[in-house]
Each structure stands twice: as C-alpha cells, then as structure tokens.
1. How much length would be gained if the chain were fully extended between B:Ala34 and B:Ser360, taking 0.36 nm per residue of separation minus their Cα-Cα distance, in nm to one decimal?
2. Straight-line reach from B:Lys605: which aspartates and glutamates have Cα under 18 Å away, leaving out those fewer than 8 places along the same chain?
3. Once you put a point 7 Å from the Cα of A:Tyr36 and another 7 Å from the Cα of B:Ile433, both along the Cβ direction, what distance in nm separates them?
4. Order these peptides, B:544-555, B:447-458, B:315-326, by their mean beta-carbon neighbour count within 10 angstrom, highest first.
5. Which whole-number percentage describes the relative contact order of the stretch A:62-195, with Cα contacts under 8 Å and a sequence gap of 6 or more?
6. What spacing in nm lies between the two simple spin-label points modelled at A:Asn134 and B:Thr582, each 7 Å away from Cα in the Cβ direction?
7. Is the C-alpha gyration tensor of chain B telling us rounded, prolate or oblate? Criteria: a/c under 1.5 is rounded; beyond that, a/b larger than b/c is prolate, otherwise oblate.
8. Using helices alone, I'd like the mean residue ellipticity at 222 nm for chain A: each DSSP H run of four-plus residues gives -39500 (n - 2.57), total over residue count, nearest 500.
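The numbers here are math on the coordinates, done by the rules we state, and not lab data. Just so we're clear, the structure is a prediction, and the values are computed from it rather than from any experiment. Backbone-built Cβ (ideal geometry, glycine too); neighbour counts: all protein chains shown.
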Amino acid sequence: MTDPHHQAPRKPQGLPAIAVAMGALFFAGLVGLMLYGVVRSGDADRDVLPSALIGKPAPDFVLPLLHYPSVEVGAAQLRGAPYVLNVWGSWCVECRVEHPVLTAFAQTKRVRVVGYNWKDEPEDALRWLERYGNPFFVVLADKEGRYALDWGVAGAPETFLVDGSGIVRWKHTGPLTEQVVQERLLPALEQVEQAR
Amino acid sequence: MLPELGQVLLALAFLVSLLQSVLPLAGAQRGNAAWMAVARPAAYAQLLLMSGAFALLTWAFVAQDFSVKYVADNSNTLLPVIYRYSAVWGAHEGSLLLWALVLALWSAAVALLSRTLPQVVVARVLGVLGLVAVGIIAFMVFTSNPFARLLPAPLEGRDLNPLLQDPGLIFHPPLLYVGYVGFSVPFAFAMAALLEGRIDARWLRWTRPWTNVAWAFLTLGIGLGSWWAYYELGWGGWWFWDPVENAIFMPWLVGAALIHSQAVTEKRGSFAGWTLLLAIATFSLSLLGTFLVRSGVLTSVHAFAADPSRGMFILVFLAAAVGASLLLYVRRAGHLEPGAGFQPASRETLLLLNNLLLASACAMVLLGTLYPLLADALGLGKISVGPPYFGLLFFVLMVPLVALVPFGPLVRWQRDQPSKVMALLLPWLGLAIALGVLAWFLAPQGKWKSALGVAGAAWVAGGTLYFAWKRLRNSGRLTAEMWGMTLAHLGVAVFVVGVLLEGAQSLDHEVALKAGQSVQLGQYEFVFQGVDQQQGPNYLADRGHVQVLRHGRELALLHPEKRAYASGGQVMTEAGILPGLTGDVYVAMGEPLGDGAWAVAVHIKRFVRWIWAGALLMALGGLVTAADRRFRRPPQEKPA
C-alpha cells in the first residue's frame, strides 16, 4: 500500500501517538461491544446480576403518591405483607413492553404491586397509566430520583420483591417477561410466603 | 424461473463489484491505465445488474409469486397494488437490495459526472465504492437472499407490516438510503486522497456537491419519518430518541459537520486531515446505522428479526471497512499539507466550533444509544436511556451552535476584529432579545422555552438575512452556494421555532367520551359524535367522528381511526389532524372502554409544522448549494 518513493515532506504535526492509541482503543472497544451485542442478540434469556440489596432491608423513603400528591407514603407503611416494587417511567420504551406481563401478574392479586414512577412528569405518568392501564396498588412518584440511588436503580424498568418485614428478597433488571415471572418471580414469592 | 434469474443477476453483480474494486485500485497503484479504465464500465454494469435484480423482485411482488419466501412473508392477496411496490423494501432482504441499488446508482453517477477528474482519482473513488458494494452484496448473497424459494408455494402470503402501509412510508426508506449511502462518495474520495497521499482543492471542490446532495436527501428522509411517526403512531410526538432514529441521526450530525469543514478545506486548505476524518466518520456511522438496524442488537420500535449470523457478517464488514480506512488515515493523514493559518477570531475558528459541537452531539447520541448495551456487557443490567438524557444534553450543545450561526458568514477568513462583527450584529441581537421578551409576556405557558425559541430563531434569521442583504447590496448577487447556506440557516431558525414552541405551548388531554359528549381544550371544543365501522381493502376500521369548534364555530370534522388488519389482527392508529400554520388540532382514538365510550386523546400541537418546514428548508439549502456552477467549472491548470 505504501509507496517508498513518496516525496511528501514529513510535517511536524504528524498524528500524535497518544491520539492514535486512544483512537485504536476506542475503535477496538466499540467493535468488542458490538460483538458482545451480536452474540447476545440470539440469546433470548439475557441474564442479569443480582442486586447488592438482596437480603438487606429495603431503603427508607417517604414519597408522595402519583394520584394524590398530598399523601405521602413511607417504607414503614408498606411493611406487614410482601410487595413487588416496579420502577418505571412514561419515557421508558421497555416499560411499555413489560406492561402487559406486569398487568397480568398484578391481576392475580397474590401480592401488592407498587409502582415507583421514576424521573417523570406527573402528567406524563398519569396519561401513560390512563392509556395502558394501571395495574398498581399505589404509585409512588419520585420525580427527582431522590431515593432511586438508595435502591440501586440504574435504569428503568427494574422490579424488586420485598417481604413482609421489609427485606429485599429478589430483584430483576429489565422488562419482566412471562418467563421471568414464571421461573424467577413466582418461586421467589413462594419462598417469601412460606417464610411467613 | 424469474427469481432464479434474480439470483444469477445478484451473483453477477457480486463478481462485477469485485472487478470494479480490485482492478482499478491495483491499476491506480501501479499506474496501469488499462486496469483503471475498467472502473467506469464496471460501475455501469453494476447499475444494470442491480436494477435488473430489483425489477425482478418487484415483479415477484406485483405478480404475487408466493413461492418466493420474502414475497410470501411480506405481502398477501389483499395488499393494495401501490404497497406491493413499496413492500419490496419493507423488510430486511429487500431493503438490503435497495441499499445495493442506491449504491450502484451513486457509483454510476460518479462514473458519469467525473470527466473533469484525473483518471487515477476516478479509478480509486470507483474502486472504493466497488469495495463497499462487494461487502453489501456479499451480505445479501450469503445471509439474506431476497430470492430464496419457499416450496411448495403457499396459497396466501402473510402481510406487509401494517405500520408500513402508508404513503409516507413508501418514500421514507428510499430517501434515507439515497442520503446515507450517498455519504459513500465523500468517503471514497477521502480514501482516494489518502491513497494518493495529498488532497487537491479541485477534487475537493468536485466532492462538495455530492456531500450536500446526500445530506439533503438524508434530511428529507428523516423529516418524512418524523412526520409519519407524528400522524401514524397516535402519540402526537415527532421524535422519540429511539435507537434506530439515533442510528440515522448520527450520520446526519457528522454529515452536517462535514459539509462545513469541506467548505473550509476547499477554500482555505485548512483542516484537510479533519475533513478526511469526518468523511470517514460519516460513512462509518452510516454503516453503523445499517448494522444497528439490521442486527437486532438494540431493542427498538423498529425491531427487525435478530439473527446472530447476519449481525456477525455485517459486524465483520463494518469492522474491516472502518478499521482499514482508519488505519490508512493514521498512516497518511500526518503528512498532508497544513493549509493557511488563521487567528482565533476568524471564520475558520467558528467553523471549527461548529464541527466540535456537532461532533460532540453525535458522540452524545452514540453514548446514549450504546449505553444500554454497554451496561448489559458490564453486568449493570438492562437499561433504557430516555428522552430526559438526550433532550437535556442536546439542548446544552445546540444552544451555543444556534448562537454562533449568524457570526459564521459575516466573519472573515483568517482573521477579523470581533468588535466589528459584534457591531454589525448588535441591532439583530437587540431585536432578538426584544422579540424574546415579547414572547415571554405573550406566551400562555412555557414562558422561558417560548422566549428562548423566539429569540433564538429571530437571532439566526435576522443575522442570516442581514448577511444576504449585505451581500446583495455590495456585490449585487449571491452565488448558489450562498443562497443554499442562507436557506439552510433560515431552516435552522424555523426548526428552532417549531421545536421550542411546540414543546412549550402544546396542550393535550386524554378523556373517555361517549357519543354526544364533548371536551374543551384551550380555545377548542371537541364534540365526539360516535364511531362507525368502515371496511378498508385489507383492514376493518373503527372510524370516529370528532367535531372541532372554536368559539362555537365549526372548524372541521376529524376522523381518527383504529384499523384492525385482516392478516394478523394488528391494530393501527390513524390520527385525525387539522393542520395549521400556528398549530395542528390532533385527535387520536385510544381503546374502547365499553358502554359505548372511547378513550380519545386530543392535542393542540403548536407550531409543529415548523419542525418539518425547517427540515425542508435545510434540505433545500443543501440542494441549492450543490447546484453552484463553481463546483462544475472545468478545472484550472494550477491547483487552488
């Protein structure tokens, strides 16, 4: 490819080695990431790591209800019976994907499903629920994301199972699927119910 | 027999593309004129073969040959004839065929319109385009054959995705492809320049209209897609930061940067290396866009089937193409002529800032798009990065860009006195601020956004028109290039009005309505007159009748629809829209709530048309610029 008789004089501002190295690293990283994506794209069951919160008490919080902003609910009020906490936002595409699954699960009325509306405008959230249906027992509104960090929420959707004494027992990151509900959430819920 | 002929044509096209790449590139390296001369005829042959293959697939759809798997998967006997044509590019295999056809069109156009360039440059440019064709046709032939048979042939096909059964979607993919495949021309040119080891202002002048035309088409394609989403999805939104939208938006951003930096390099010789890198980046991002859309790596409303073997093939192609061009760049770019120097206060600096802001915006979109994948790879779980991230960062990056637009054309090359330029623009700044304040007081809601939108737009429009007026007064005429720039910058102003005022002042409300009930929104009253059923060619529609009144006077009777398609029971929304210059009245039907009641969403979308009008102006600007005679002037002997 290179021409040994190339006569262009060498300019002092030839590409700095550090820039080239950074560029190469970036390119390699990008290709590696894509490769990972391609390999994973065929894998329907993309597993995720468990949360550090499992087995620990749910973080304390006091949040207004989405539908009645003057009413505030804290972790203490939810204690006494297990509940499923679902983090969602009207801006989150995958929340819409999991919504039918979550709705079907909530309709079994086996456990309270609490909505955790995260970083969302209340009007948008209410409209979203109006449009797609509201499966939640109550919806907590964390508009600024005040407590999400305590829960270790990195993105929506995420789903937690908290037992009657307020201990986090199970967590799922990403949209709930029928498979996740059947194979992971329900067994976890069974354990929680037996322990009572 | 015809589908087999199509396969033969594809195989021949593959061989011809090999010929078009290997011989001319080797010939250019060794100075063999006969080998280089292969490039042009090969490009024409390529176009002929691809057109033939495309015509055969189209015929399979029109004649409803369900023995072709792709046809059976994407059409049925009820499909209206017009959509049988557009179904050709309605799914994976066919859209690749369209991609390859568009590439062949661009290559043939280059072959035809490159008489003024030295033969060695033409050979290299067409050779590189041939290499791209090798990759894309191989992808089709080896993993995604559109002519694969389905035997025994089914009596009835499935259906074209109902989302695509819409006039807007007939033109959306071809426009996009003409746009981003068109970036292969500046890319091929950049490769030729790097292989040659120098960049000649004459070749660059020759490349500029190609970049502008490609970018203009991409703008049209994106605008059309946005408009379609607005009236078809029934959410009243016009942009969703969906991964596939982002995939197409990234080459647009970097392409816009490329247009500007090419102008600097052509006129002043500066940023030569940067311009070449941008040309590589723009096309690489086009390939990345193809990869993201076609591989199913990211979840998206544009979801296509995920097949790892396809994703792997295109990833290898992407990595090889981009890797090789970057390697060449690293080896050669350090030795380019540096061009004329410039002071901090100069047009060069402003264009550099423009480039940095656009490139940062692109990097931001790339990060947001890939972050969910990255988080997944690092075990942080599946994450959705939404409009809050994109909206905020984009706003932060675009404010300085918009603020700088009027300065660009008025500041001199090389050096200028900032105080002089400021003095020229001060009245316009004053006017913009005054209008912004006025908007703040007049806006019924979203005061800050409205004020910012009006002030920003007035600033850009005022500064741009002032430039045009000053030019006209001083020299009596504007070149096509200047007209193009003026139009495109005015497009930015119009777009700014649309985005910010739509965001600030739109109203919406979702209610349950029974026949005869009404709802009030702003100055408008909506009377729901009920729903009847209508039989379409391949769907059954619930058609609502909504009377729109203002101050008691009837404005329109809108007909939002819910269409259930016969093939898969998929339900599609058709919004009822009363368009207007200062706002649309928009009605969409939700779900039936039982008891004769329906969920009805009513929106007032203020200034939403300005968004697409702005895009249209930008595209027009690109096309007008490309028509400048200077780009087609026969080359002078001395390099500029």
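1. 112.9 nm
2. Qualifying aspartates and glutamates at Cα under 18 Å: A:Glu123, A:Asp124, B:Glu232, B:Glu502, B:Asp508, B:Glu510, B:Glu525, B:Glu574, B:Asp584.
3. The two pseudo-label positions are separated by 4.9 nm.
4. Most protected by this proxy first, the peptides run B:447-458, B:315-326, B:544-555.
5. Numbers: 219 pairs, mean separation 41.1, N = 134.
Relative contact order comes out at 31 percent.
6. Spacing of the two 7 Å Cα→Cβ label points: 3.6 nm.
7. Values: a/c = 2.10, a/b = 1.12, b/c = 1.88.
Because a/c hits 1.5 or more and a/b fails to exceed b/c, chain B counts as oblate.
8. -10500 deg cm²/dmol
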